[in-house]
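Right, one structure below, let's go through it.
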Amino acid sequence: MLNFFNKENKKSIEKPIVKVAALLIYAAKIDENYTLKEKELIKKAIIELGSKNETVEDILLNAEEIEKNSHQILEFTREIKNLEEDTKIKIIEILWNIIYSDNNPDMYEDNLMRRLTGLLYLDSKVVGDIKEKIKNKLK
């Protein structure tokens, strides 16, 4: 389990994970089909990223509200881009898993991932390799 949160400061724990969850929800909704399967993947990701089981529902509700009221992905990526490279890569893996969860990625999802690659300061080859890994895993 990854844990990129500072355990000493509860406020700093909530903000990044809620932003990550909002980004995951945004990715799940970009094809206009936010499924129960995607929601479960997001809950699992919240736990993998270090949240406790008992806070997942609250984080998810908060993230859904933030995503609903947001106007652009910059609101989600502002804090995420400052995380460690390993954490950002884990988030990208989670995003690809969500995108491929319906076995039907579309151009909007691919476009989102290209934009996120730049916004999160990640190498496009690394992101492409992660995409291929996820795609091959689901075959």
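Computed from the coordinates by the stated procedures, all read-outs in this text should not be read as laboratory data. Keep in mind that this is a model prediction, so the values were computed, not measured. Ideal geometry is used to build each Cβ from the backbone, glycine not excepted, and the neighbour counts take in all protein chains shown.
General remarks:
- Projected label distance in nm at GLU79 and LEU61, using a 7 Å step from Cα toward the beta-carbon: 1.8 nm
- Acute angle (nearest 10 degrees) that the helix 36-48 long axis makes with the longest principal axis of the chain, alpha-carbon atoms: 50 degrees
- The chain, dipole about Cα centre (Lys/Arg Cβ +1, Asp/Glu Cβ -1), debye to the nearest 20: 260 debye
- Taking the chain as a Gaussian network of alpha-carbon nodes connected by springs under 10 Å, the highest mean-square fluctuation of the residues LYS37, LYS29, LYS19 belongs to LYS37.
- Counting only alpha carbon atoms, the long axis of helix 85-99 and the longest principal axis of the chain meet at about 60°.
- Farthest toward the positive end of the dipole of the chain, out of SER51, THR87, MET113, is the Cα of THR87, where the dipole comes from beta carbon charges about the Cα centre.
- For the chain, the longest principal axis of the Cα atoms and the long axis of helix 56-69 meet at an angle of about 70 degrees.
- Per-selection metrics, the stretch 82-136 (Cα): Rg and Dmax in Å: 10.5, 31
- Modelled this way, with points 7 Å down the Cα-to-C-beta line, the labels at GLU54 and ASN104 are 4.1 nm from one another.
- When the convex hull of its Cα atoms is viewed from all sides, the chain shows a mean projected area of 7.8 nm².
- Estimated purely from DSSP H runs of n ≥ 4, each contributing -39500 (n - 2.57), the mean residue ellipticity at 222 nm for the chain is -22000 deg cm²/dmol once divided by its residues.
- Gaussian network model of the chain, Cα within-10 Å springs - most flexible of LEU120, LEU24, LEU36: LEU36
- Cα centroid separation, the stretch 122-139 to the stretch 17-76: 21 Å.
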